[in-house]
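**Student:** Starting off with a structure, shown below.
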Amino acid sequence: MNYLAHAYLSFGEPKVLIGNFIGDFVRGDIDTAFEKDIVVGIKLHWEIDKYTDNHPVVKEAQSILRPEYGRYSTVITDMYFDYFLGRYWKNYFPKPIEEFADNVYAIIEEHKEILPEKFLMTFGYMKYYNWLTGYGDLDGIRRALTGMSKRTKFDSKMETAHLFLDQHHEYLKVHFGDFFEDVVSFSKKTLAELKSQ
């Protein structure tokens with residue numbers, strides 16, 4: 001899952017959201033580096049990623065991308081799923097996505113002094129270009145994928161992945177719907193378990 005989904009799957013808990021956002025940017029002894037609820041968010045991020053990578057519906061969605069995009073199919077699928085969450089946001093959350101995104105940015109700003117430098121660089125772009133609301137339309141996802149394609153070591157073809165999304169929209173939408181219901185249930189259960197430890 002990508003940033004919008006990880007924000008959503010923090011279930012309105014600010015410290016969990018911080019951890020969930022920096023999960024890809026931290027290693028080592030997180031238990032002494034961060035307070036408990038942030039550690040919970042980091043571990044939740046890791047568990048969500050593992051769950052997503054091994055989910056049969058996700059694997060099936062990736063299988064139609066693989067002939068064209070190879071190793072980058074997993075990254076592209078993550079982006080697609082943020083696109084569907086953003087595009088159909090009203091089905092999943094009572095408040096407008098703009099309000100949700102502004103709240104996420106404000107929470108991150110409040111905790112900047114404890115966040116990894118590499119994450120803060122990414123966050124600068126995220127806030128400036130308003131990624132969280134931009135994921136929900138085809139042009140926004142095109143910009144994000146094109147930006148990522150410029151940073152890959154190999155020819156990823158990610159700059160064309162928005163066209164693939166447009167062509168296979170309904171197929172991928174069904175897969176997202178089936179998977180997202182599962183990942184929400186999994187994340188709620190995992191969050192409760194991590195908080196009780």
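The values are calculated or read from the model by the stated rules, or taken from the named source; none is laboratory data. Remember, it's a predicted structure, so these values are computed and weren't measured experimentally. With ideal geometry, Cβ positions are generated from the backbone for all residues, glycine too; neighbour counts draw on all protein chains shown. In case anyone asks, the SASA skips ligands and DNA or RNA and just uses the protein heavy atoms, side chains included. Shrake-Rupley method; radii C 1.70, N 1.55, O 1.52, S 1.80 Å.
**Student:** Output the residues belonging to region 161-197 that are open to solvent by 50 Å² or more (accessible area, probe 1.4 Å), in a helix (DSSP H, G or I) and over 24 Å from residue 19 (Cβ atoms).
**Tutor:** 163, 166, 167, 170, 171, 173, 174, 178
**Student:** Among the numbered conditions (1) modelled with pLDDT under 85; (2) closer than 21 Å to residue 63 by Cα; (3) polar (S, T, N, Q), tell me where residue 160 comes up short.
**Tutor:** Just one mismatch for residue 160, condition (1).
**Student:** Taking the residues in region 65-92 that are more than 21 Å from residue 49 (Cβ to Cβ) and out of contact with any Asp or Glu (no Cβ under 9 Å at 6 or more places or on another chain) as candidates, determine which candidate is most open to solvent (accessible area, probe 1.4 Å).
**Tutor:** From region 65-92, those more than 21 Å from residue 49 (Cβ to Cβ) are 67-68, 87-91; that's our starting set.
Subsequent filtering for residues that are out of contact with any Asp or Glu (no Cβ under 9 Å at 6 or more places or on another chain) retains 67-68, 88-91.
Details: 67: 113, 68: 83, 88: 49, 89: 9, 90: 191, 91: 116 Å².
Among those residues, the one meeting the criterion is 90.
**Student:** Step by step: first the residues of region 7-51, then only those that are modelled with pLDDT of 95 or more and among the basic types (Lys, Arg), then the one that is nearest to residue 123 (Cα to Cα). Which residue is that?
**Tutor:** It comes out as 15.
**Student:** Still on this model: Of everything in region 93-122 that's aromatic (Phe, Trp, Tyr) and touching a residue at least 40 places away in the same chain (Cβ under 8 Å), which residue is surrounded by the fewest Cβ atoms within 10 Å (Cβ to Cβ)? Explain how you work it out, then say what you get.
**Tutor:** Filtering region 93-122 for residues aromatic (Phe, Trp, Tyr) gives 93, 100, 105, 119.
Subset that is touching a residue at least 40 places away in the same chain (Cβ under 8 Å): 93, 100, 119.
On the way: 93: 13, 100: 19, 119: 19.
Checking each candidate, the answer is 93.
**Student:** If you go through region 2-11 one residue at a time, do you hit one that is under 15 Å from residue 190 (Cα atoms), touching a Ser or Thr at 6+ places or on another chain (Cβ under 6 Å), of a type in the set (A, V, I, L, M, F, W, C) and not in a helix (DSSP H, G or I)?
**Tutor:** yes
**Student:** I've got another one for you. Within region 185-197, which residues are out of contact with any Leu (no Cβ under 7 Å at 6 or more places or on another chain) and not small (Gly, Ala, Ser)? Full working, then the answer.
**Tutor:** Quick first cut of region 185-197, residues out of contact with any Leu (no Cβ under 7 Å at 6 or more places or on another chain) only: 185-186, 188-189, 192-193, 195-197.
Within region 185-197, 186, 188, 189, 193, 195, 197 meet the criteria.
**Student:** If you don't mind, there's one more thing I want to ask. For residue 163, all conditions in the list (1) more than 17 Å from the chain's Cα centre (by Cα); (2) of a type in the set (A, V, I, L, M); (3) farther than 20 Å from residue 67 by Cβ hold save one; what is the number of the exception?
**Tutor:** Of everything listed in (1) more than 17 Å from the chain's Cα centre (by Cα); (2) of a type in the set (A, V, I, L, M); (3) farther than 20 Å from residue 67 by Cβ, residue 163 misses just condition (3).
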